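Inspection log for the structure reproduced underneath, given as structure tokens.
Please treat every number below as a calculation from the coordinates, not as lab data. Here the structure is a predicted model, which means the values were calculated and not measured. For neighbour counting, all protein chains shown are included, and Cβ atoms are generated from backbone atoms with ideal geometry for every residue, glycine included.
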Amino acid sequence: MIVPISKILTKAKRQGYAVGAFNTSNLEITLAIVRAAVAQKSPVIIQTSQSAIKYSNIETLFGIMTNLANTVGKKVPIAIHLDHGKDFSIIKDCIRVGYNSVHIDASLEKFATNVRLSKQIIKLAHRKKLWVQAELGAILGKEGLVKLKTGEINMEEMMTDPVEAADFVAQTKVDTLAIAVGTIHGHFKGIEKVDQVRLKKIANLVKVPLILHGGSGLSAPVFKKAIKNGVSAINIDTNLRIAFRNALKKNINTKTDMIDPRKILAPSTDAMQAEVEKTIKIFGSNNKA
Ligand code: G3H
Ligand code: 13P
Ligand code: ZN
């Protein structure tokens, strides 16, 4: 059932577990996330990127998410969130259609600009009693990884400064904060490291729920330590894409004459559900519905 994200994250922070924020862009991924949440009796955040919204259109995607949340998922708390909102018109659309929370990602801007842009969105969202996630320090994608390897950018410099983070939250009154502590968007086993000391320092100074992005590729012990050190939600996208792709490949390579899209995609949906269930158990949000 759709509930305010404040309910989900306040409880997670108080009880010391993390909620998975899983990216979706279609029916099958959303089904997998909701079914997993039900099977594990877990709260869950379903989120869409700007490109996912552009892929379908906001009403369709929002309809799929809310419908499944309020039917299949009616016994578990579910919130809908915009991930990495950079375009003000898309953020405003999400607020208009009824997302529970939006992410204003002005992390590549200077501190003062990030504060100013975040405050503009916070003002709009708070009028409708929605929560806002802002981002301080930048979480890279694979293009960033190339620059890291060539030495063009330095991971340390991209990371969130704990004192700045406290100042940012005080100035903006933002509800949740995405922090950069060493993870990268995508699956880069061995390269991604969580700076747990920095994370702990941030958590000591910042009292709003902290969001860890770029979760795919991290190990269970790293997740558990990050949760212990103060993370309340963790974003996962790539792990589901990999589960989808692997199951699809296996299915169409073994049943070569299959033409029904539902049968072609069913193993992928099941594989993503299994991945979400595994993740929920690592995050400790099972039986917290
Ligand atoms: O943060 C990035 C997410 O994985 C979304 O990626 O823009 O390809 O939907 P996307
Ligand atoms: P991954 O693709 O690395 O799981 O990152 C997802 C994410 O942070 C979405 O905002
Ligand atoms: Zn992210």
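Mind listing the phi-derived Karplus ³J(HN,Hα) values for the stretch 155-160, rounded to whole Hz, using 6.51, -1.76 and 1.60 with θ = phi - 60°, and x for any glycine or proline?
4, 3, 5, 7, 6, 5
Which peptide among 117-123, 218-224, 268-274, 207-213 comes first, and what is the full order, when sorted by highest mean count of other Cβ atoms within 10 Å?
Details: 117-123: 18.7, 218-224: 15.6, 268-274: 20.7, 207-213: 23.3.
The packing order, highest mean first, is 207-213, 268-274, 117-123, 218-224.
Below 8 Å between Cα atoms, with a sequence gap of 6+, how large is the relative contact order for the stretch 213-289 in percent?
Numbers: 50 pairs, mean separation 26.5, N = 77.
Worked out over the stretch 213-289, it gives 34 percent.
I need Tyr55, Tyr17, Tyr99 ordered by Cβ neighbour count within 10 Å, fewest first.
Working: Tyr55 13, Tyr17 21, Tyr99 27.
Listing Tyr55, Tyr17, Tyr99 from fewest to most nearby Cβ atoms yields Tyr55, Tyr17, Tyr99.
Along the stretch 204-218, what does the Karplus equation 6.51 cos²θ - 1.76 cosθ + 1.60 (θ = phi - 60°) give for ³J(HN,Hα), rounded to whole Hz, x for Gly and Pro?
Result, ordered by residue: 6, 9, 10, 9, 7, x, 9, 10, 9, 9, x, x, 4, x, 7 Hz.
How large is ³J(HN,Hα), in whole Hz, for each residue of the stretch 123-131 in order, when computed from phi with the Karplus curve 6.51 cos²θ - 1.76 cosθ + 1.60 and θ = phi - 60°, using x for Gly and Pro?
For the stretch 123-131, the Karplus-derived couplings read 4, 5, 5, 5, 4, 9, 6, 9, 8 Hz, x marking Gly and Pro.
If you rank Phe168, Phe188 by fewest surrounding Cβ atoms within 10 Å, what's the result?
Numbers: Phe168 22, Phe188 18.
Lowest to highest Cβ neighbour count: Phe188, Phe168.
Debye calculation, C-alpha points only, no solvent: report log10 I(q)/I(0) for the stretch 170-263 at q = 0.18 Å⁻¹, in the same order as the q values.
-0.80
Ranked highest first by average number of other Cβ atoms within 10 Å, how do 7-14, 157-164, 25-32, 248-255 line up?
Values: 7-14: 18.9, 157-164: 17.1, 25-32: 20.9, 248-255: 12.5.
Highest mean packing first, the order is 25-32, 7-14, 157-164, 248-255.
Normalised by the number of residues in the stretch 33-128, what is the relative contact order in percent for Cα pairs under 8 Å and 6+ residues apart? Provide the component values of the computation, followed by the final result.
Numbers: 112 pairs, mean separation 24.9, N = 96.
Relative contact order here is 26 percent.
Taking a cut-off of 21 Å between Cα atoms, list the lysines near Lys249, but don't count ones fewer than 8 places away on the same chain.
Partners found: Lys263.
Please give the peptides 34-40, 283-289 ranked by average Cβ packing (other Cβ atoms within 10 Å per residue), highest first, as a rough proxy for protection.
Values: 34-40: 23.0, 283-289: 20.1.
In decreasing order of mean packing, 34-40, 283-289 become 34-40, 283-289.
What number, rounded to the nearest 500 deg cm²/dmol, is the helix-based mean residue ellipticity at 222 nm of the chain, given -39500 (n - 2.57) per DSSP H run of at least four residues and division by all its residues? Mind dumping the intermediate values first?
Working: 13 runs with 153 residues, N = 289.
Here the helix-only value at 222 nm equals -16500 deg cm²/dmol.
Structure shown: which of Lys149/Lys189; Lys173/Lys200; Lys201/Lys225; Lys173/Lys288; Lys54/Lys142; Lys110/Lys200 lie over 18 Å apart, alpha-carbon to alpha-carbon?
On the way: Lys149/Lys189 15 Å; Lys173/Lys200 21 Å; Lys201/Lys225 14 Å; Lys173/Lys288 28 Å; Lys54/Lys142 21 Å; Lys110/Lys200 24 Å.
Checking Cα-Cα distances, Lys173/Lys200; Lys173/Lys288; Lys54/Lys142; Lys110/Lys200 exceed 18 Å.
Just the Cα atoms of the chain, one point each, no solvent: what log10 I(q)/I(0) does Debye give at q = 0.11 Å⁻¹?
Evaluating at q = 0.11 Å⁻¹ gives log10 I(q)/I(0) of -0.60.
What residue among Ile80, Ile58, Ile191 shows peak mean-square fluctuation when the chain is described by a Gaussian network model with Cα springs under 10 Å?
It is Ile191.
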